[in-house]
């Protein structure tokens, strides 16, 4: 089984914000796979699909971003998912809008959701897919990540969402190394 986790915050007020890009990618994957991510389980919304012979669990933690690890760790334990079979999708201010990057493992950087997952799992040995949201030129980071994208960013955002969706499916079908080789070059 593969588990794909999209990070975000629950609630309509956060739906279109930069910080919810992980939820957006998971919703796109759910649409593509013809499933709903609506079963509440271990403080997360969960949907289950099949992709060829692989079972895929799509997850949107409902614990708010900074406590994402609580839901993710509970689901990892419940479904006995190995770290190598986990992909976490989240926003990254160090990448411009329109860019994505995959890594097989690594630290949390400044991302509190990732820090929570690493702390709860006790390992950094899981794949991650970072989607660029750019960095604010001035102002508060919290205000920036909780704001919607600007009109002039939408074309690049659509391209990044398409690439993130394909990269996540490649992770399921062929693993993180193949996904990195295909999508980190773009």
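Values quoted throughout were computed directly from the atomic coordinates according to the rules given, and no laboratory measurement underlies them. Just so it is clear, the structure is predicted and the values come from calculations on it, not from any experiment. Counting neighbours? That spans all protein chains shown, and the Cβs are built from the backbone with ideal geometry, glycine included.
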Likely footprinting exposure, 110, 17, fewest C-beta neighbours within 10 Å first: 110, 17
The chain: angle of helix 112-121 to the longest principal axis, Cα-based, in degrees nearest 10: 20 degrees
Cα-based helix-to-principal-axis angle, 154-174 vs the chain, degrees rounded to 10: 20 degrees
Sum of -39500 (n - 2.57) over DSSP H runs of 4+, divided by residues of the chain (222 nm, nearest 500): -11500 deg cm²/dmol
Relative contact order computed over the range 2-183 (Cα-Cα under 8 Å; 6+ residues apart), in percent: 25 percent
Computed label-point distance, nm, for sites residue 50 and residue 174 using a 7 Å Cα→Cβ extension: 2.4 nm
Residue exposure sequence - 54, 140 - by fewest surrounding Cβ within 10 Å: 140, 54
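Order 143-153, 25-35 from most to least packed using the mean count of other Cβ atoms within 10 Å.
Working: 143-153: 13.6, 25-35: 18.4.
Descending packing order for the listed peptides: 25-35, 143-153.
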Percentage relative contact order, the range 1-67, counting C-alpha pairs under 8 Å, at least six apart: 41 percent
Proxy reagent accessibility, fewest Cβ within 10 Å first, across 60, 39: 39, 60
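How long is the gain from residue 150 to residue 108 if the chain were fully straight, where each residue apart is worth 0.36 nm and the alpha carbon distance is subtracted?
On the way: separation 42, 0.36 × 42 = 15.12 nm, distance 2.63 nm.
Roughly 12.5 nm would be gained on extension.
Give the shape of the chain as rounded, prolate or oblate, defined through the alpha-carbon gyration tensor: a ≥ b ≥ c are the square roots of its eigenvalues, a/c under 1.5 means rounded, and otherwise the shape is prolate if a/b is larger than b/c and oblate if not. All intermediate terms of the calculation are to be shown ahead of the outcome.
On the way: a/c = 1.42, a/b = 1.25, b/c = 1.13.
Judged from the Cα gyration tensor, the chain comes out rounded (a/c under 1.5).
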Centre separation in Å (Cα based) which lies between the range 115-149 and the range 96-113: 7 Å
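I'd like the FRET efficiency for residue 185 and residue 66, computed as 1/(1 + (r/R0)^6) with the beta carbon distance as r and R0 of 35 Å, rounded to 0.05.
Working: r = 33 Å, r/R0 = 0.93.
Using R0 = 35 Å, I get an efficiency of 0.60.
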